[in-house]
Amino acid sequence: MIGNSSYYLKEIEFYLQEKNSQEKFQIGQKASEISNIPEIRNIINEIIQTITKNGGYVVVGRDATTKILSSTRVKLILEADFETQVYRRAKQLNAKEFEAIGKVFSDLLKRDVDSFDLVLEAKKVATIINTSDLSIEQVVSRILSRVLWVRFSDYNMLHLIIFIFFVFVYTLHAHFSESN
């Protein structure tokens, strides 16, 4: 049923390039509504599975770890305290007015309530990274550490030593980048 998967990615990327942050937010909300239709959700999941079948992709979504790509080896949940989530989303959307920030607050609260059971299920099979007090560099460092740990855990001791060295150097780099 699914043809050339890169076609879908190019079309989505082209469409989103033309939108401002408020329009992207509205598109995201509409996409969430539409994807709740089971037939459409199945098509979306099939597209994601087709695109990612050879690995090398990061899939973001609350049901990616348990439903869409349940057999993947690296499963991560990035979480943050609620205040941090509201702050980051408001900043992402460039929301400055009280009404816009209130909308961000209510949307995130509704999302968290609606997906509570799904997140609990995902937390049973995934590594949780709390990003509340982490810089983007520190988050990337933790993600890479986990990905590389899983990747090199299948190999011999030399690979493990190289992995530990890489993580050490990257962590130092992230630390000193923040200090400047």
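General remarks:
- Extension gain for the segment HIS175 to ASN94, taken as residue separation times 0.36 nm less the Cα-Cα distance, is 26.4 nm to one decimal.
- Long-range HN-HN contacts of GLU79 with modeled amide H, under 5 Å: ILE129, ASN130, THR131
- Positive-end ranking of VAL104, ALA80, SER70 along the dipole of segment 59-133, with charges on Cβ about the Cα centre, is headed by SER70.
- Residues of segment 67-82 with amide N under 20 Å of the 7 Å Cα→Cβ point at ILE47: 67-70
- Taking label points 7 Å from Cα along the Cα-to-Cβ direction, ILE136 and THR84 give a separation of 1.6 nm.
Just so you know, all these numbers are worked out from the coordinates, no wet-lab data involved. Because the structure is a prediction, the values reported are computed rather than measured. Positions of Cβ are generated from backbone atoms using ideal geometry, with glycine treated the same way; all protein chains shown enter the neighbour counts.
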